[in-house]
Structures are given as C-alpha cells and as structure tokens.
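*Asks:* If you scroll down you'll find the structure; I have some questions about it.
Every number in this text was worked out from the coordinates using simple rules, so none of it is lab data. The shown structure was predicted, so the numbers you read here are calculated from the model rather than taken from an experiment. No Cβ is skipped: glycine too gets one built from the backbone with ideal geometry, and neighbour counts run over all protein chains shown.
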Amino acid sequence: MEKIRTCDLIRHLPDWAKVVKTVNETQIYNMNVFENIMSWNQENLDVPAIDYYGTVITYRELPDKVNEYVCGLRELGITENDVVTLCLPVSTENMLMLFALNCIGAIANNVNYLFLKDDFDLYTRQKGSKTIVTLDAYLPSFVDYLEDSKIENVIVTNLKDYLPSNKKHIFDDLSKLPKKLREIFDDKTKQQDCVRKISHINCIRFSTTNEIVLLGKGNLKPLYRGPVDIERDTSYSYTSGTTGAPKCIVYKEESANALIELHIDVVTKDYVGERVFQVIPLTHATGERFCGYLQMARGKTMVPQPIYNKESFGEDVMNSKCQWITAAPSFYLAGVAKGFIAKDAFASVTRPSSGGEPVTVSNVRLIDEWLKMNGCKVRFSIGGGAAEDGSSTICSYFMDEETKSNETGHPVEPGIRAKIVDENGNLLDRGQRGFLEVSSPAAADRYLNDTEATKKRWYYDENGIRWGVTGDIAVQNEDGSYNILGRASDSYIDENGKTVYLFDIEYSLDVNDPVIEWEITAFDTNEGVAVVGQVVLKNDCKLPVSEVVELLCEKYHLDAIKIYDKFENSDVTGKRDFQKLKNDKSGYFAPCDDKHLYSLSFENGTIKKAIIELYT
C-alpha cells in the first residue's frame, strides 16, 4: 500500500464548520481540537491513533473511546468550564482524558506531581479544581492534603490498565530505574500507607479510570460534534519552575487549533501512520500540543512512554520502532555516553529531534555520530515545541539536511512572524544578534491572574499585531533561518560594562575536547564575577583531573571547573536541572602549578581557596 505524505492529507470538514477568526493570515475554525484532529483522519480511520505496548486504538475507534470517558465524567458531575487536574504520566488515559475534557468544554489543569506535593492548595483550590485524575504511584505524594482540601473526586489510573494481558508484567522489575523513579514507583510502604489513609477519607469519591469507562458505557449519549466557542479557556499549563515560581499559562481553544492550521501544506517528509515516541509529559504544552495534537492531526500513531527514564532512552527508542522522536537533548547525550546499541537500532527513525533548550554544535556532532553508528540515516534536528509565546513553533523542519548544525529553522510563514530587536525595540538586520520576538496564533492567552507578567510577555504593536517577548537572544541568518542562542538572562556585565553571554562560551566547545556536556555559570563574588565550567567528561577521557582543569580553564578563560559524573535532570522538566547547577557553589578546581590545584567554593559572595597537592 502506498504511503500517504502528511502534506497530502485530504481534509473532510463537518458541514457546520466555518472560519470564525483569522490571526496572521491563519484561519481558525469553530471546532474543538478533537474535531479538528478527526477532520484530517476520515480517510485514515484504520490507522492506529494510540499504540500502548500493543494495545491499539484506531482513529475509527477513537471517538467512541473518548465518548466513554465523556459520559463517565459527566455522570461523575463534570460539566462545562469545570477545572479538572490531570497529574499523569504519558499514557493512553492521559490522551483520552484530554480529549474528553475538550469535548465537555472543561479545563484541563495539567500539573506535575511534584507541584501537588509541594503546594497542593495553589494547584487545586486556587485553580478552582474539585477533581483530580492521577497515577496511583503519584497519590502518596499528596494524599495527606486531600481530606482538608476542596477536592470531591479522585480518579486513579495504573500503568497496567491498558497493557495487553501478555505484557502486564513489563513494569514489575523497576530495579534498573534511577533512584528517584524507584522511590516513586517501587515504595510499597508508602503505597500501602496511602491505601490505609484513603480508607478513612469519607468526603471524597475515589474511582478508577476503568470504573469511569464502565460508568460511561452504562450511560452512553451521542458525542457532541458541533461548533464551539474558540475563545473558551481549555487548558492550564505551567512554566518549568526553574525560577522557583512556576506561572500558570492559560490556553484558549483557538491556540491548539491554530497550531494545527499553521502546518497545513508544510512539507515535513513524514507520512501517515508513522509512530511518534511520546516521552515528554503531557503536563508540558510541548508534550500535549506539539508531540500530541499536532502529530495526530497528521495521522500519526502515538506511542506513549510512561516511564520518564533517559538512562534507557536508546533502548526504548529501538524497541518502539518509532519514526518521530522528540526529547530533551540530555536524553540523546545519555545515549551518546552509553554508545553502541545495535547496527540497526534506529533504522526506522526518520526525525530524531529535541526541543526545550539550545544545543552546542559539538553536541550536535556527537549526537549525529551516535545516531549514525546505531543505524539512523538522517541527522539530528533542533527545535519544535509549544512555548507560551509561540516561539518554539519556529520549527526545525526547514533546515538543510547537509549543512545544519544548531539552527532552529525558518518560521512557518505566514502564520508565525519573528523579528530580532535591540534593547530599545528597534528592528535589527539579518546577521545581527538581539532579542527575539514572535507573533503566533498558537500563543497562549495569558498568565492566570497575573496581569503584570502577561503585560511583560505580550504586547500589541501599532498595527494591532500581538507579539510575544521570548526573553531569548537570537540571530536571523542571511538565508532566513534563525539561531536561538540562549536566554538573555544567561549573562553578566564585565568590568568594562559589556554584556557577556555565557552561551557563547558553551557554543565554542571543541568537539575534540574531553567534555560530553557542560554548563557555564557566573557567580557574583566580592572580587567580581567568577565564570566557572560545570562539566561531564566523555567516558573515554583518560586525562588526569589536573590536566582537564588546566586545559578547560586556559582554553575557555574560566576561573574554575567542577567535574560531575552526570548532570541531574529536573523532575519537573526532564531537562538538565539548571537551577541546581546555578546554586552549586562548592567543589571547584582551578590551576595552581604543576604539583598543585586550587580547591574553590563561592559561598555568600566569598571565594574560599585552598591548595591541594597532586599525587603522581
């Protein structure tokens, strides 16, 4: 059977569908996002929409599955505009819940379980949420807050619920998981204690997703398939929390629809039925929209990966037989560190991409080499996502396969507009670096109950165009592509009053240096700014620590080096834990002489220095 290119999909709009808004020449219909997705798949109904380790839901079956959740949730009392907190891993239930809430007209409050653990009231009562849908392994993290909360319904899922009978065992052995994941999934004492506590809570109705489905099947009504108000709020997402104070991002119905509309006729070298490796949690807008809704509107098959484990990333990709991969760069670099898997491990992969943070040219080369040695025939891509300002929809699709390095790509014209401006808002020419601003119909509407933050992030120009202030430093190349270099805040002012961007040092890393990952950090001290390198060495590095310290400090003009076995990932983002690195101010080394190193710490603005004798 001949494969269908996604750019050749034939759309079948419902009779009632019409364009109700145009933003940046992008037409937005009066549909919910589920109806939008289905409008592209009427000729692909037997293509799998979700494949969870062999349990398949086709696009033909999808509306009925969603309707079972819709009817079950309605029987539970969920109605239009209700806020339902989803605290789930990447799973079949998460996708179906998102679609069901979308069809009901409720608001999906997408929360990481650590947010509930650390500030339950902020993420539930203050959001007006009376219902939580969560994984049973997450429940012990916040069960103590339930009885005194305003929560009325708790719906619990299990990783095994949608597994086929012959694979119910695959999550039983958790011994290979990183310690933090084992603490979540394999703490039997906490789980038993949680069950005991639940048995004493009488003011909350506890259900399983299986019970909700049975409730829905017993009270089925036709799924509403008609026009909706695209100005309605549909989801709450949250910034990553690297500042310690995550902001609640409000998306309207039009935003997710616009993301799909932006990609009509875009030639992305992909095909209907290709498998999408889902590892970015749907609590993130990128996971929900770019890696979920957009791919399904292109007739792809979602392959959920509920265990968020970069250590097994390469093997998981191989076993999934997926074509499209989007994951944090640290996942790929964890694979680079492990090296060869099998000569055809990634033979099926056609788009290995990352999002969320820039990648150094040296890392791009290392990742490309790793992919190639494991059978991948295409190059690593950077970009893609769904940031609140719309900037991450400047996609990598348009990068030249032969010459690309760390470019993020061209804007999807004409819907997304981008510009580089100076500190006074004046437009800069191509080739000049400055502040990136983006206008996108797929942008968020606002930060919830935060007028000041909203004003800082978005503004309207004299032509009525809404621009998002990304906070990124970028440059537009002569060919029209963009390099998003890094955060403007990732900088310091030197003794001459000049702004120095730390990412310039990071990008200059030589691929031949003994470093696989590094972060450049600046500490304010009483003696001025100290610029340090936080590094993870390549597995094959044979140099003594003293030589590594001397090489990197002298070559990159750094004040000190700290060597890590590996960088920790943030439990919230899955990316490198930047906040932890910024606060790690002890354990550094600097060159002294051929027999000694300096040991340094940077506590409370004071540099503490000691001399360490080298052993020969």
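*Asks:* Would you list, by chain and number, the lysines whose Cα falls below 24 Å from the Cα of Lys595, excluding same-chain residues fewer than 8 positions away?
*Replies:* Here the lysines satisfying the reach criterion relative to Lys595 are Lys542, Lys555, Lys562, Lys608, Lys609.
*Asks:* Relative to the longest principal Cα axis of the chain, at what angle does helix 188-199 sit, 0 to 90 degrees, rounded to 10?
*Replies:* 40
*Asks:* Sticking with this one: Please report the antiparallel percentage of the DSSP beta bridges confined to the chain, to the nearest 5.
*Replies:* 60
*Asks:* With respect to the cross-link table entries Lys21/Lys252; Lys338/Lys582; Lys252/Lys300; Lys300/Lys321; Lys343/Lys377, which display a Cα-Cα separation exceeding 18 Å?
*Replies:* Lys338/Lys582; Lys252/Lys300
*Asks:* Could I ask something else about it? Rounded, prolate or oblate: which one fits region 102-228, using the alpha carbon gyration tensor with axes a ≥ b ≥ c (rounded when a/c is under 1.5, else prolate when a/b beats b/c, else oblate)?
*Replies:* oblate
*Asks:* Once each part is reduced to its C-alpha centroid, what is the distance from region 188-255 to region 579-613 in angstrom?
*Replies:* Cα centres, region 188-255 to region 579-613: 47 Å.
*Asks:* Note down the nm distance, to one decimal, between modelled labels 7 Å out along Cα→Cβ at Lys455 and at Ser175.
*Replies:* A separation of 6.0 nm, rounded to one decimal place.
*Asks:* Grab the eigenvalues of the alpha-carbon gyration tensor for region 176-317, scale each by 5, take roots, and send me the semi-axes largest first in whole angstrom.
*Replies:* The equivalent ellipsoid of region 176-317 has semi-axes of 31, 25, 19 Å.
*Asks:* Another question, then. If you fit an axis through the alpha-carbon atoms of helix 253-262 and take the longest principal axis of the Cα set of the chain, what angle between them do you get, 0 to 90°, nearest 10?
*Replies:* For 253-262 against the chain, the angle is about 70 degrees.
*Asks:* Let me ask something else about it. Using a/c under 1.5 as the rounded threshold, could you call the chain rounded, prolate or oblate? The axes a ≥ b ≥ c are square roots of the C-alpha gyration tensor eigenvalues, and prolate needs a/b larger than b/c, oblate otherwise.
*Replies:* Prolate, because a/c is 1.5 or more and a/b exceeds b/c.
*Asks:* Give the separation of the Cα centroids, region 439-513 to region 150-180, in Å.
*Replies:* 39
*Asks:* Each residue of region 461-476 in turn: what ³J(HN,Hα) in whole Hz from Karplus with 6.51, -1.76, 1.60 and θ = phi - 60°, glycine and Pro shown as x?
*Replies:* 8, 5, 9, x, 8, 8, 10, x, 8, 6, x, 9, 8, 8, 9, 9
*Asks:* Let me ask you something else. Any idea how far the Cα center of region 37-75 sits from the one of region 292-361, in Å?
*Replies:* If you average the Cα positions of each part, the centres end up 24 Å apart.
*Asks:* Now a separate question. For region 510-613, what is the relative contact order in percent, using Cα pairs closer than 8 Å and at least 6 residues apart in sequence?
*Replies:* Value for region 510-613: 23 percent.
*Asks:* Related question: Which aspartates and glutamates, if any, have their Cα less than 12 Å from the Cα of Lys190, not counting same-chain residues under 8 positions apart?
*Replies:* Those aspartates and glutamates meeting the cut-off are Asp136, Asp144.
*Asks:* If you don't mind, another one. What are the aspartates and glutamates whose alpha-carbon lies under 14 Å from the alpha-carbon of Lys580, with same-chain residues fewer than 8 places away excluded?
*Replies:* By straight Cα distance, Lys580 reaches Glu519, Glu568, Asp571.
*Asks:* What value, in deg cm²/dmol to 500, does the helix sum -39500 (n - 2.57) over DSSP H runs of n ≥ 4 give at 222 nm once divided by the residues of the chain?
*Replies:* -6500 deg cm²/dmol
*Asks:* Let me ask you something else. Loop sites only, by DSSP: take the chymotrypsin sites (Phe, Trp or Tyr not before Pro) in the chain that have at most 12 other C-beta atoms within 10 Å and name the longest stretch containing none of them.
*Replies:* 17-339
*Asks:* State, as an integer percentage, the relative contact order of region 6-308 based on alpha-carbon contacts under 8 Å between residues 6 or more apart.
*Replies:* Reported relative contact order: 28 percent.
*Asks:* Moving on. Rounded to the nearest 10 degrees, what's the angle between the helix 329-338 long axis and the longest principal axis of the chain, both from Cα atoms, 0 to 90?
*Replies:* Once rounded, the angle reads 70 degrees.
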